[in-house]
Amino acid sequence: MKVTYTTRPVYAAALSLIIPALLLGACKKDKAGPGDIQDTPVFAVNTSTAVQGQIWDYIALSGDIIAGSTVDVYSDVAGRVTRVYVEVGRRVARGAAIAAVDPSKPGMIFIPGVAAAPIAGTVVALPAQVGATVSQTVPLARISGGSALEIKLYVAERFISKVALNQPCEISLDAWPGETFRGAVTEVSPVVDPASRTMEVKVNVNNQGNKLKEGMFAKVRIITEQKENIVKIPASALIRRFGETYIFVAGTDPADPAFQAAKKRIVKPGIMIDGALEIEEGLRAGEEFVIKGQTLLNDGSRINIIERTPPLSAER
């Protein structure tokens, strides 16, 4: 007997059951529940908070500390130094004897002349030595008047327009780490050196505690602009792309309050100094913004805040 097997009806029946099941599964995936994997990407970011405070712009320079008023002492006659009345560091009054010079020559005896201090102050240099022969053009001593000290600086031509008299200054020295001394611009040269293209500026120093000495090397910040009660953020949060300047502000995702999203915010930046950026428009103090990971974001991107960085100090 010949037996014939027919499989077509069986396959057809199986397909009639499988296809509806696949379609049903696809419909369920489109309606993802809370435990299902979402198609929308979530970006890990760090955020910080905009702060209201002050910001200062400045020019950083360096120079040597010099005496505010220094006068050299000269003899009225040429001759040999027979006596020195002072030593370096000695405080002298105006008219005090500095050194005696004997103008006597062979066959002629004269009374020694005494060189006197033209001003009151401190002896900071004493080139005169007993037995040395000097003329009227050789200084016997150098006297620094008072306790005032100055710093001589040279400002590059491109910064000249920012420098003016009485601008406040901050002074720091390697000899006194961690300490800041105060001063102000007291003198601005009316001319520019054509060789170096710099302008000479002098800054006085408040020598509190007499810690500063003539000849020390100082670092000076001339404060050229001061702004108070401005909104500022770290400059690294700012994005410049396709002609726009913006940041991303963190907030709740309007499509799903269970998530947070980054909102693109166009801002107007002001001055930037030492990594701090002034925001003139577009951001309020206290608003949270993305400080790290923002380069991958688009407007409305979902975010996961990994770390909240402390805000900048309100002080400059």
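Remarks
- K268 vs. criteria farther than 26 Å from R158 by Cα, assigned by TED's automatic domain parsing to the domain that holds V51 and either touching a Phe, Trp or Tyr at 6+ places or on another chain (Cβ under 6 Å) or free of Cβ contacts under 8 Å to residues at least 40 places away in the same chain (or both): no
- Within the stretch 39-61, the set of residues being among the hydrophobic types (A, V, I, L, M, F, W, C), surrounded by 14 or more Cβ atoms within 10 Å (Cβ to Cβ) and under 22 Å from the mean Cα position of the chain (by Cα) comprises A50, V51, I55, W56, I59, L61.
- Residue that is farthest from G89 (Cα to Cα), among those in the stretch 168-217 that are among the small types (G, A, S) and not in a loop (DSSP other than H, G, I, E, B): A184
- Qualifying residue in the stretch 218-231 (condition: within 17 Å of the chain's Cα centre (by Cα), of a type in the set (D, E) and part of a loop (DSSP other than H, G, I, E, B)): no
- Of I247, I306, I291, all but one fail to be within 23 Å of T40 (Cα to Cα) and loosely packed, with under 15 Cβ neighbours inside 10 Å; the exception is I306.
- Exclusive hit being surrounded by 17 or more Cβ atoms within 10 Å (Cβ to Cβ) and without any contact (Cβ under 8 Å) to a residue 60 or more places away in the chain, set D253, D299: D253
- So A128, is it over 30 Å from R284 (Cβ atoms) and part of a strand (DSSP E or B): no
- Within the stretch 207-235, being surrounded by 12 or more Cβ atoms within 10 Å (Cβ to Cβ) and either of a type in the set (G, A, S) or at pLDDT below 90 (or both) holds for N207, K211, L212, K213, E214, A218, A235.
- For the stretch 144-157, the condition of being in a strand (DSSP E or B), surrounded by 17 or more Cβ atoms within 10 Å (Cβ to Cβ), modelled with pLDDT of 95 or more and not assigned by TED's automatic domain parsing to the domain that holds N207 holds for none of the residues.
- Identity of the residue in the stretch 107-142, of a type in the set (V, I, T) and within 19 Å of G89 (Cβ to Cβ), that ends up surrounded by the fewest Cβ atoms within 10 Å (Cβ to Cβ): V130
- Residue count, the stretch 62-79 (criterion: touching a Lys or Arg at 6+ places or on another chain (Cβ under 8 Å) and surrounded by 14 or more Cβ atoms within 10 Å (Cβ to Cβ)): 6
- Verdict on R316 being charged (D, E, K, R), out of contact with any Ser or Thr (no Cβ under 8 Å at 6 or more places or on another chain) and in a loop (DSSP other than H, G, I, E, B): yes
- Remark: A99 falls outside the filter, which requires a residue to be exposed (fewer than 13 other Cβ atoms within 10 Å of the Cβ) and in a strand (DSSP E or B).
- When F259, F248, F242 are checked against the criterion of being farther than 23 Å from G178 by Cβ and touching a helix residue (DSSP H, G or I) at 6+ places or on another chain (Cβ under 6 Å), a single residue qualifies: F248.
The values are calculated or read from the model by the stated rules, or taken from the named source; none is laboratory data. The structure displayed is predicted, hence computed values, not measured ones. When we count neighbours, we look across all protein chains shown, and the Cβ atoms used for this are built from the backbone with ideal geometry, even at glycine.
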